[in-house]
1. For 28, 358, what's the largest-to-smallest order of accessible area, 1.4 Å probe?
2. For region 67-260, with every protein chain kept in place, what is the accessible area per residue (1.4 Å probe, Å²)?
3. Please work out how much accessible surface residue 206 shows to a 1.4 Å probe, ignoring ligands, DNA and RNA, in Å² rounded to 10.
4. At a Förster distance of 51 Å, what's the computed FRET efficiency of residue 155 paired with residue 505, Cβ-Cβ distance as r, to 0.05?
5. I'd like the FRET efficiency for residue 448 and residue 122, computed as 1/(1 + (r/R0)^6) with the beta carbon distance as r and R0 of 41 Å, rounded to 0.05.
6. Between residue 69 and residue 108, what is 0.36 nm times their sequence separation minus the Cα-Cα distance? Round to one decimal in nm.
7. If the chain between residue 591 and residue 41 were fully stretched, how many nm would it gain, using 0.36 nm times the residue separation less the Cα-Cα distance?
8. Output the pairs from 72/133; 302/487; 88/487; 333/554; 88/133 with a Cα-Cα distance over 26 Å in this structure; if there are none, say none.
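The values are calculated or read from the model by the stated rules, or taken from the named source; none is laboratory data. Keep in mind that this is a model prediction, so the values were computed, not measured. Virtual Cβ from ideal backbone geometry, glycine too; neighbours counted across all protein chains shown. Surface areas here come from the heavy atoms of the whole protein model, side chains and all, with no ligands, DNA or RNA. Shrake-Rupley method; radii C 1.70, N 1.55, O 1.52, S 1.80 Å.
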Amino acid sequence: MTGTTPMAVEQSSTRAGRGEFEKYHRRYLWLLTICLISFVALGLRLWHLQIVEGEEYHRVSTQNIIRQVEIKAPRGEILDRYGVALAKNRPSFDVVVDPAIFLANADETVIDMVKEFLHLTDRDWTRVHDRLKARRGDVVVRRNAARSDVARIEEHQMQLPGVNVRINHQRHYPLHHVGAHGLGYISEVGPNQLRRMQPYGYRRGDFVGQMGLERSFEGVLHGSPGLERKVVDARGNRLGEAETDFLIGEYQQIAPIAGRDLVTTLDADLMVIIDEAIRDYPAGAVVAVDPRDGSVLATYSKPHFNPNAWSGQLSSMEMVRSDNDPFRPMVDKAMSGFFPGSVFKFIGTLAALTEGGYSAHDEVHCPGHYMLGGHRFGCWRAGGHGRVNAYTAMAQSCNVYYYNIAERVGIDPVAKQARALGLGERTGIQLPGEGAGRIVDSDWYDENNPDGYQRGFALNAIIGQGDTLVTPLQLVMAYAAIANGGKLYYPRLVDEIRTQTGDSLFEFHPTIRKRVSFDEEHLEILRESLRMVLHSGVGTARRSSLSHTEAAGKTGTAQVAQIGAVRIPHAERELHLRNHAWFAAYAPFDEPEIALVVFLEHGGGGGGDAAPVAMEILDRYLTREERSALSVRLGDEMAQGNQR
């Protein structure tokens, strides 16, 4: 038996140990490699999360505690020529709810508190709840909340998750309904409007101009919103300054940019005078301008509406009242077309002198009617006016004189003179929705009448009847052109755009639309005939003339339905069959400062109704102090509001 030497045993043992070591060493290296790879992968992942996507994850995480709230910009004010506020802002409180926070935390107790504090019915709350479920942004639950309600909300703020009070700006019109159509109103942007305006930065819940200056100068008045960032907890409660400074730093608020102010040419005193003078008539319009530069002193339409009611949560009662009013309160009658009646006869005088070969003293006999082709055209005075000329025919508003002219010259020269003075065309006023009216000629009848043009149409057109339509605004600009010698201005409603600190940004200067080439003799004949309407023994407005100021003017009574064989007294007719009453005037006669048109829809007669209203307005306007008690009062209210 061969023995094993100790050395061999030792060598064998060494080899076995080395093999075992190498085995474990390899395992260790594999384990170490796996650990290193894992740590490298983890490190790369951490680097990716913190460096590459760190900013995004920070944004997502902080969104849960940092709320961004838009700060509405104060809308620009609308001022009259003396600085009296016609449209301004008042601080208001809106109660808003964050849908995400409220729906996640509110229980029946919270809902009952909100309903109680804001006086919401179950039906009101159902509508609110539907809006909360449908929207991602804040939902306005109550606009212009009462201060007492706001106090209760703030007192229980910690118990009302997601319910906040936001300070806003409520539009306020100090004159209420006076001049509402020209000023307009604002309301929340509608879906169709939002689609058009969203590219310009408008959002759901923004308020925009819906009529008048508020609409046509929306881009100037609106301003740009600011932004406030605040730190809140999971229930929407605001945290302290330390947390806010740590998470947000200095960038907590971006101030809004206020809208620009409009300084208009309007006169608040005059508009109130008009409102008081037209008090006994249910419908109509009044426009006053300065004939020296085309500045609009007043624009007034009735029935009116209260823009304070329409610039917020419009009540169903207000909406029903507006919809059911036959006189259409939301229509601006100052810019709508109506039959002008005899206020249009100044056009006939110009046609007679320039196109018909008439002189001022050529006479026509008026027996009370005029015969053409077997048809009888009546004069308003059944017994006739006797012999009349250019002066006395205008003063007495004799239809027969103008029928005579119409048969001689035809309808086209009448239309030519009317268009030369801007009738039948939009004036270009800085307001939306202006009507063009309608001046008819032979071509118009050939296109629109089955039998084409007939001679009798000229007789109706020359006295402002038939198919002729003019707007009060067109008419006052035409009379202003007569007063100033032939300068037909664009009506200038806005004088200046300026910042809310008073710095001027843009001025609108008077602009002449066209110069009417009057023959000086013809113009003097026309002016004198208009003066005689008020200041002669036969004038149709002689009873309304002013003792202290000479003026020129013209009465008009426009029929809205054909008069039959039996004449029914005006007061006994159905409302929609009553005549329109007109009066156009300018004063003082020698150096005119104001041109005025009064239109009373279904209001009676020009001499008996419209002329007294117009002359009351002129009397009070021309004899007042530069700033009346009204201007002072409104100016004081504005100053007190700014101090508050």
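1. Heavy-atom accessible area, descending, gives 28, 358.
2. 51 Å²
3. 10 Å²
4. 0.70
5. Result of the calculation: an efficiency of 0.10.
6. Details: separation 39, 0.36 × 39 = 14.04 nm, distance 2.69 nm.
Extra length from residue 69 to residue 108 when fully extended: 11.4 nm.
7. Gain on extension, residue 591 to residue 41, equals 188.6 nm.
8. From 72/133; 302/487; 88/487; 333/554; 88/133, over 26 Å: 302/487; 88/487; 88/133.
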